[in-house]
Structures are given as structure tokens and as C-alpha cells.
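> Structure in C-alpha cells, see below.
The values are calculated or read from the model by the stated rules, or taken from the named source; none is laboratory data. On a predicted model such as this, the values are computed, not experimentally measured, just so you know. Neighbour counts are summed over all protein chains in view; Cβ atoms, including those assigned to glycine, are modelled from backbone coordinates with ideal geometry. For accessibility, only protein heavy atoms count, side chains too; no ligands or nucleic acids. Shrake-Rupley method; radii C 1.70, N 1.55, O 1.52, S 1.80 Å.
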Amino acid sequence: HAALPLIGQWQCPRCGDELGPYAQNSRRACPSCRERSGLMFRGAVAACRYEGPAREMVLRLKYSGDMRAVDWMGQRLTEKLENAPWLPKVDIIVPVPLHWTRRLRRRFNQAELLGRVLARQCEKPMHTRLLKRRRPTPARPGGAAVGQPANHSTGSSHSLPAGSLSPTLIVIAVSLHR
């Protein structure tokens, strides 16, 4: 784990990207937030930059079923979440669903595995059926392109059930970060 590109204490509270010490208290958007338009969430955390050994660890989890690092990854995310100012407002942890065909092929949802660790550590309930992936999207084993969320521009959609409440959620997505 020593070789992993961990994100230090200076992290953008909006997108989760790593910042320098002087940018942390800036009221302006960080460079990554300025590059992305229409972020549809209040805040994000990330434990590692999505590169090198961290990227390989995520890809081994997703495509080889290597689950040895799930608890470690979940613990690092929990540590980041504990410092997030919006954590007390969170009601539910919701993993981003896989389309049923991908779930059948993969036999697990990596976001759900991490969500279980976060739910246990943060003492929050997790709901796995609150969101639904309506149509399949192409696999992108290389991860997201810089500044482009993985699969969200290729037709995936999620929906909340009719009549559902409007809780504050932690939505768990794996490897959407650069």
C-alpha cells in the first residue's frame, strides 16, 4: 500500500480532487471543478488518485474479482468521509447499480462491496435497490477519460422509485475519478 498515490489532507470538498495547501481555503472552484460543468452533487471524497497501483487495484477488483483490497479501500474512504463537512447530513448510502447483464457476468457490484464497508463504518443504512440502471453501457476497462465521467455520457440512466422521499445520499461509484 505504500506505493499507492494517496490523496493527502488537502482535497477539494466539492469534487474530491487533490489540492495544494493554499487552494484548500479558497472560495473559488478548484481547477477540476472549473473543467467540469454541471456537477450534480454537493461533495465528493477520494482516497487515491486514479493512476498507477491504485488504478490497477480497482481494475483487478472490477474485472478479475480480486476482492482482497475491498476492506482497505473502504477504510480509506471512511477516513476521508469522516472529515467531510456534509457527512452528518447523509441519510443513506447507495451504491451505483450495475445493469443486470453486467451484474450477472461479474457476479458482484464493486460499489456495493465498498458501500457495505462504508455503511458499517459510518453507521448509516445502505439501500441497494433505490437506484436502477435502465440500460447497459459499454465497458470501459481503461476508466474514465480526463474530465469525463465513466459511462454517464453513453446512455446509462438511474431513476428513483415513484413516490420516494428525497433523502441525502452517499452514492458509491468506483473509478469515476481521474
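> Please give, to one decimal in nm, the separation of the simple spin-label points placed at GLU79 and ARG103, each 7 Å out from Cα toward the Cβ.
With each label point 7 Å from Cα toward Cβ, the separation is 3.2 nm.
> I would also like to ask the following. Quote the charge dipole size of the range 34-143 about the Cα centre in Debye, to the nearest 20; the model charges only the Cβ of Lys and Arg (+1) and of Asp and Glu (-1).
680 debye
> Also: Tell me the net charge near GLN11. Cut-off is 13 Å between Cβ atoms, GLN11 excluded, with +1 for each Lys or Arg and -1 for each Asp or Glu.
On the way: positive: ARG14, ARG49, ARG76, LYS80; negative: ASP17, GLU18, GLU79, GLU82.
Computed value for this residue: 0.
> If amide hydrogens are placed 1.01 Å from N in the peptide plane, which non-local residues have theirs closer than 5 Å to the one on ILE93?
Those lying under 5 Å, H to H, from ILE93 are MET126, HIS127, ILE170.
> Next question. Please state, as a whole number in µm²/s, the translational diffusion coefficient that the Stokes-Einstein equation yields for the range 10-119 at 4 °C and 1.567 mPa s, with Rh defined as the Kirkwood radius across alpha carbon pairs.
On the way: Rh = 15.5 Å.
Taking Rh from Cα pairs, D becomes 83 µm²/s.
> Now a separate question. For GLU18, tell me the accessible area in Å² from a 1.4 Å probe, rounded to the nearest 10.
Answer for GLU18: close to 80 Å² accessible.
> So what's the gap between the Cα centers of the range 105-132 and the range 61-102, to the nearest angstrom?
So the two Cα centres are separated by 7 Å.
> At 1.4 Å probe size, with no ligands or nucleic acids counted, give the accessible surface of LYS124 in Å², nearest ten.
For LYS124, the solvent-accessible surface is approximately 40 Å².
> Please state, rounded to one decimal and in Å, the Kirkwood hydrodynamic radius that the range 44-102 gives when every pair of distinct Cα atoms enters the mean of 1/r. Display every interim value, and only then the final one.
Details: mean 1/r = 0.0754 Å⁻¹.
Taking every pair of different Cα atoms in the range 44-102, averaging 1/r and inverting gives 13.3 Å.
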